[in-house]
Amino acid sequence: MAGVIIVGAQWGDEGKGKIVDLLAEKADVTVRFNGGDNAGHTVIAGEKTFKFRNMPSGVLYPQKRVVIGNGCVINPKTLLSEIDALRREKIEPNLLISAHAHIILPYHIALDGAEEERKGKLAAGTTKKGIGPCYSDKAARFGLRFADLLDKAAFKAKLHTIHELKVAQIEKIYGKTFAQSEQEILAEYSGYADQLAKFIGDAGGAVNDAMAQRKNILFEGAQGTLLDIDHGVYPYGTSSNTTAGGACTGAGVGPNKISEVVGVVKVYTSRVGTGPLPTEISGDIADKVRDKGNEYGTNTGRARRIGWLDVVALKYARDVNGLTGLAFTRIDTLAGVSPVKLCVAYELDGEKITTMPQTAEELARCTPVYEEMPGWAEAPPAEWRKTAIRGMFAVPEEAKNYMRRISEYLNVPICIVSIGAGREDTIVIKDVFPNKPLAPP
Ligand code: IMP
């Protein structure tokens, strides 16, 4: 009955996994629409912590369908390891992989490393999972898709043409060696095909059918708005559309099927990888937030860069995504820091601006203009849990004021507030899945 998109409103790692996991309870289908195993979504359910890379975060409700959309690029090996991990917990995923999703192959991973090295200062600090080269092949129409896994003869023929080209590229252009022969890749991927075949199908069709049956659909974005290939801080982002439009193209649904777009906003900024980050800070506060929030890449273990919340970037995220609601995360992590700062404008070449500049070079020259607000007191996790049970009125006044201020700047209402890592540590202000018809039946 509703189509809800969840996107990261910043530079990724906003806590989307937890929000998706929470909302998935009311969704009938959860669809991941972009990226691949460059993402790392941590979900804590009861005593158990799950780290997902490819798998939609809604998978912990095993009776519900999870879909990997056509907009994703998937490494079958890491996907199978996630399926195995779930099976060890006696969870059999009700998974559907779009036949149109692209497959990450070993040469994509080799190229990711080689290209980054050659790019020098233009390197984005990628996760080295082969994401960029796989999307490049998709656009250049050199890609292999999950549909090809189902047709071994087609896979073999396509790989034969592409493999030769990729080896030449890796060895002749980048001067690296690439050891995996065509036959080895064929054998490896044929094994993956046998294990994954039962999951591959018409994902777009299934999602549209579910919508026609008036079911609730949750579209799960990976990474964040400022990493979007079109709207992010190019070239220091990822290679997919991480923003709300990407949900439609990456899942195969029309924009009229979307009822809400929720932007997940961490109450400070973090960034893994390179590129300008105007509100970045170093020193005690950054170290404290990084350690308390365990701000180290789920995927690569890299220490994340830390900064104050950037309202200029958030306004941009509001517009690019058409945000209808905000989900704030990490209130508990920022507790104990006072005052807290909000960047409400930039100074660029002596001029005050309140919109995102058009280039990374300009963004690098921006200095933030801050507004200060009193911070809120630290509390042990058990106290935050009690606060979550009592509801919004029990949240420290300073934290409420801080969130309200951001919401006022953006003119977007708050729908969820997360004050801890567990499902229970959440306050839901607005139900994004009310049981009302989405469009005329
Ligand atoms: P890639 O997606 O591996 O090509 O990396 C491109 C850029 O996006 C790098 O700066 C990465 O650090 C960043 N990135 C990719 N995935 C994530 C994520 O899930 N969270 C945060 N940053 C990410």
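We did not get these values from a lab; they are worked out from the coordinates using the rules stated. Predicted model only: the values in this text are computed from it and were never measured. Backbone-built Cβ (ideal geometry, glycine too); neighbour counts: all protein chains shown.
The slack between Arg390 and Gln63, meaning 0.36 nm per residue of separation minus the straight C-alpha distance, is 114.7 nm.
Its Cα centre serving as origin, the chain has a Cβ charge dipole (Lys and Arg +1, Asp and Glu -1) of approximately 720 debye. Given their separation in residues at 0.36 nm each and the Cα-Cα distance between them, Glu25 and Arg88 gain 20.5 nm when the chain is fully extended.
Note on the chain: GNM, Cα springs under 10 Å; of Glu372, Glu14, Glu295, the largest mean-square fluctuation is that of Glu372. Size descriptors for the chain: radius of gyration and Dmax over Cα atoms are 21.6, 65 Å.
Helix-only arithmetic for the chain: the sum of -39500 (n - 2.57) across DSSP H runs with n ≥ 4, divided by the residue total, places the mean residue ellipticity at 222 nm at -10500 deg cm²/dmol. Between Leu122, Leu150, Leu323, the Gaussian network model of the chain with springs among Cα atoms under 10 angstrom shows the greatest mean-square fluctuation at Leu122.
Beta bridges from DSSP with both residues in the chain: antiparallel share about 40 percent, rounded to the nearest 5.
Segment Thr354..Tyr174, full-extension length gain: 60.6 nm, with 0.36 nm per residue of separation and the alpha-carbon distance subtracted. Taking a ≥ b ≥ c as the square roots of the Cα gyration tensor eigenvalues, with a/c under 1.5 meaning rounded and otherwise prolate when a/b beats b/c, else oblate, which class fits segment 115-267? Because a/c hits 1.5 or more and a/b fails to exceed b/c, segment 115-267 counts as oblate.
Quick check: from the Cα gyration tensor, does segment 102-199 come out rounded (a/c under 1.5), prolate or oblate?
It comes out prolate by the Cα gyration axes.
As a quick test, which of the pairs Lys16/Lys215; Lys26/Lys400; Lys18/Lys129; Lys129/Lys386; Lys121/Lys400; Lys18/Lys90 have an alpha carbon distance above 31 angstrom in this structure? Check vs 31 Å cut-off fails for Lys129/Lys386; Lys121/Lys400.
Modelled label positions at Arg404 and Ala377, each set 7 Å beyond Cα in the direction of Cβ, lie 2.0 nm from each other. Can you give the FRET efficiency for Phe142 and Asp194, using 1/(1 + (r/R0)^6), R0 = 22 Å, r = Cβ-Cβ distance, to the nearest 0.05? According to the calculation, E is roughly 0.35. Once the C-beta distance of Gln213 and Thr161 is scaled by a Förster radius of 41 Å, the resulting FRET efficiency is 0.50 to the nearest 0.05. Sort segment 124-180 into rounded, prolate or oblate with this rule: let a ≥ b ≥ c be the square roots of the eigenvalues of the Cα gyration tensor; rounded if a/c is under 1.5, and if a/c is not under 1.5, prolate when a/b is larger than b/c, oblate otherwise. Note, shape of segment 124-180 comes out oblate.
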